[in-house]
Amino acid sequence: MQVPYTINVSHNPGGRVEFPLGTIVSGPVIVAGGTDATFNIIPNNTFIVTDVLEDGFSVGSVNRYTFASVSADHALSVVFDGGWTLPTGYVSG
């Protein structure tokens with residue numbers, strides 16, 4: 001039997017965190033021990049991901065984070081920063 005662990009997800013306004021894909025989460029998420037838990041981090045328009053923290057330690061400005069082979073409780077914190085727009089004349093692609 002797999003032991004359940006809790007990953008506490010938090011973020012400020014400006015985006016969302018999904019786990020599994022398509023399900024918006026905030027607060028405690030229960031994950032089966034020994035499995036991978038991948039979280040998608042999606043900023044709103046005019047926002048960027050400034051930082052992602054695992055258990056209080058920065059893992060950088062990433063849009064996806066995976067806890068590999070979960071074997072303990074964790075915390076995932078996301079910081080979004082607003083007011084960003086593309087430069088005039090920018091063409092994506």
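The values are calculated or read from the model by the stated rules, or taken from the named source; none is laboratory data. None of these values were measured; they are calculated from a predicted model. Positions of Cβ are generated from backbone atoms using ideal geometry, with glycine treated the same way; all protein chains shown enter the neighbour counts. Ligands, DNA and RNA are excluded from the accessible area calculation, which covers all protein heavy atoms including side chains. Shrake-Rupley method; radii C 1.70, N 1.55, O 1.52, S 1.80 Å.
Before moving on, here are some points about what is shown:
- Elements of type strands (runs of 3 or more DSSP E) in the stretch 27-67, at least 1 residues being among the small types (Gly, Ala, Ser): 27-32, 37-43, 57-60
- Pairs are defined by a Cβ separation below 8 Å, a sequence spacing of at least 6 or placement on different chains, a first member in the stretch 7-35 that is free of Cβ contacts under 8 Å to residues at least 24 places away in the same chain and more than 13 Å from residue 78 (Cα to Cα), and a second member that is open to solvent by 20 Å² or more (accessible area, probe 1.4 Å) and among the charged types (D, E, K, R); the pairs so defined are 24/16.
- Checked against (1) open to solvent by 50 Å² or more (accessible area, probe 1.4 Å); (2) modelled with pLDDT under 95; (3) more than 13 Å from residue 70 (Cα to Cα), residue 11 passes all but a single condition, namely (2).
- Single residue of the stretch 51-79 satisfying the filter (β-branched (Val, Ile, Thr), free of Cβ contacts under 8 Å to residues at least 40 places away in the same chain and closer than 18 Å to residue 27 by Cα) that is surrounded by the most Cβ atoms within 10 Å (Cβ to Cβ): 52
- Scanning the stretch 35-50 for residues that are under 14 Å from the mean Cα position of the chain (by Cα) and of a type in the set (S, T, N, Q), we see that the one that is least open to solvent (accessible area, probe 1.4 Å) is 40.
- Residue 32 being within 18 Å of residue 4 (Cα to Cα), among the small types (Gly, Ala, Ser) and surrounded by 11 or more Cβ atoms within 10 Å (Cβ to Cβ): yes
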